[in-house]
Amino acid sequence: MPKFKEVLLKRYMDLVARRAGGASAGATVDGESSKEDLEKEVARLLGLLEERNQLITRLEETDQKREQLWSQMREKWALKKKEAQKVHRRNNVFRKLLRRRRHAIRELAQRLRSTENVLVNFYTSPHLMPSYDATAPLPGGISDSLIRRALAWVPSLESLIWTHWMRLGVLKQFEARPMQFDTIPKPKLPVEQLPKISIVTPSYNQAVYLDETMRSLLEQNYPHLEYIIMDGGSTDASVEVIMKYESRLAHWQSARDGGQADAVRQGLLKATGDIMAWLNSDDLILPGTLAYVADYFARHPEVDVVYGHRLVINERSYEVARWVLPVHDAELLLWADFIPQETCFWRRSIYEKIGGMDPSFQFALDWDLLLRLQKAGARMVRLPYFTGAFRMHSEQKNAVTINTDGYKEMQLLRERELGREFNRGGLARRVNRAQFKALISTLLMRVGIRW
């Protein structure tokens, strides 16, 4: 800007010099007037130049702000791009999880259908497939009526109750783990007032499990136990196992017999106890059960039969399932044998009233006994504790004969008790109802309530 002023002044001095060389005095005045005008013009131009410089400064500041804004916008765009990439990756993960979930739901639905088929086939003959009558009434009390309404109101409830780990009739519910015993209450009555319990164990070539079975009873140290072993003439080491505990047995023998039912019948004929039971040579009675059962019978003279919840164990005595039984349902017993035999005890008086064990049954002998006890007026109670363990292995009688003699005997009992009223759909509804009650018992047990 100073250089520009110098140029203007120089041009002004040149103009004055040219005029001074040949002009008059009046011209000098004009020259001075022109000088004033030129100075005004210079001042005006300098003012414009100053404004121009101010505008340039403002434009430069505006450009700086614009660059800052662009920089901030680029940063925001970069962050949004990263967020979009994260969302995209997250959506891909969710899509994969959704596909896996759908696949798992399909597999679960298939397993539920398979479980239902197994449960129904376990209790029914494969040749008996009547139609499903969804409108047929179900007799029962108020609680059963409420459960039926719940199952009717919530269509998915029947499927949901079989998604729980505790499923009645299923012998494998979780991976093998060490047995965890219930804390069974101790007797409230003095030992002298407790009744004698007679237990018979039928056995044939079960030496591998017989020792543990006998110890499960003898190591409870119940003072009024009468233990009888009926061996069917085993060719393995069963006799050696029995002789280890000979001094603590009321009676034992090893001779050929007419099968399991005959062995149990003959053993119970030798029994003298007020309370009776039988324990198969591969099953277990859980700790504390004998004293608890004896005390319960002594304090409840109106009760004739008791049974408890069941553990399912494998060959190594690890538990693989738990059956939490619902409260006793006399009507359901006519349709299915849901009572765990190894947990069942009954009074001698009601047993003699029905004439004892029927040796013609080799598979469903326990169900036949319970049905005849119930028909004779026996009052049955489900105890709210795990009292017995059922062993699952490849050589057990259930696994070998269920598809042959087992179905025939169960069919015979259903025809005897229900006649033409039995149908596959009616059984499925009743089993669902029992599972619903059992889940209620399971949930209450978790919070310390025994129902």
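The values are calculated or read from the model by the stated rules, or taken from the named source; none is laboratory data. What you are looking at is a predicted structure, and each value in this text was computed from that prediction instead of being measured. Neighbour counts are summed over all protein chains in view; Cβ atoms, including those assigned to glycine, are modelled from backbone coordinates with ideal geometry. These accessible areas exclude ligands, DNA and RNA; they are computed on the full protein's heavy atoms, side chains included. Shrake-Rupley method; radii C 1.70, N 1.55, O 1.52, S 1.80 Å.
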Can you pull out every residue in segment 322-361 that is within 20 Å of Asp274 (Cβ to Cβ) and of a type in the set (A, V, I, L, M, F, W, C)? Cys344, Phe345, Trp346, Ile350, Ile354, Met357
Examine segment 118-138 for a residue that is assigned to a helix (DSSP H, G or I), of a type in the set (Asp, Glu) and either at pLDDT below 85 or touching a helix residue (DSSP H, G or I) at 6+ places or on another chain (Cβ under 6 Å) (or both), and state whether such a residue exists. no
Are any of the residues in segment 71-80 more than 60 Å from the chain's Cα centre (by Cα) and either at pLDDT 85 or above or open to solvent by less than 100 Å² (accessible area, probe 1.4 Å) (or both)? no
Restricting attention to segment 261-275, does a residue exist that is within 21 Å of Leu370 (Cβ to Cβ) and without any contact (Cβ under 8 Å) to a residue 60 or more places away in the chain? yes
Any helices (runs of 4 or more DSSP H) falling wholly within segment 351-451 and containing at least 1 residues that are aromatic (Phe, Trp, Tyr): 365-375, 407-417, 424-446
Select, from Ser198, Ser203, Ser159, the only residue that is open to solvent by less than 80 Å² (accessible area, probe 1.4 Å), in contact with a Ser or Thr (Cβ under 6 Å, 6 or more places away or on another chain), of a type in the set (Gly, Ala, Ser) and under 24 Å from His309 (Cα atoms). Ser203
Counted residues, segment 177-222 - those being over 34 Å from the mean Cα position of the chain (by Cα), among the hydrophobic types (A, V, I, L, M, F, W, C) and part of a loop (DSSP other than H, G, I, E, B): 2
Would you check which residues across segment 305-343 are more than 27 Å from the chain's Cα centre (by Cα) and within 20 Å of Ser441 (Cβ to Cβ) and list them? Val305, Val306, Ala330, Glu331
Report those helices (runs of 4 or more DSSP H) wholly inside segment 245-338 carrying at least 2 residues which are open to solvent by 50 Å² or more (accessible area, probe 1.4 Å) and modelled with pLDDT of 95 or more. 260-269
So Ile105, is it at pLDDT 85 or above, part of a helix (DSSP H, G or I), of a type in the set (Val, Ile, Thr) and open to solvent by 60 Å² or more (accessible area, probe 1.4 Å): no
When the residues of segment 206-222 are narrowed to those that are open to solvent by 50 Å² or more (accessible area, probe 1.4 Å) and not acidic (Asp, Glu), which ends up nearest to Ser281 (Cα to Cα)? Val208
Collect the residues in segment 223-237 that are open to solvent by less than 20 Å² (accessible area, probe 1.4 Å) and touching a residue at least 40 places away in the same chain (Cβ under 8 Å), keeping them in residue-number order. Ile228
Tally of residues being surrounded by 22 or more Cβ atoms within 10 Å (Cβ to Cβ), touching a Gly at 6+ places or on another chain (Cβ under 9 Å) and modelled with pLDDT of 95 or more across segment 346-381: 1
Screening Phe390, Phe422, Phe361 for residues that are closer than 30 Å to Thr183 by Cα and touching a residue at least 60 places away in the same chain (Cβ under 8 Å) leaves only Phe390
Of Leu439, Leu418, the only residue that is open to solvent by less than 30 Å² (accessible area, probe 1.4 Å) and closer than 18 Å to Gly169 by Cα is Leu439
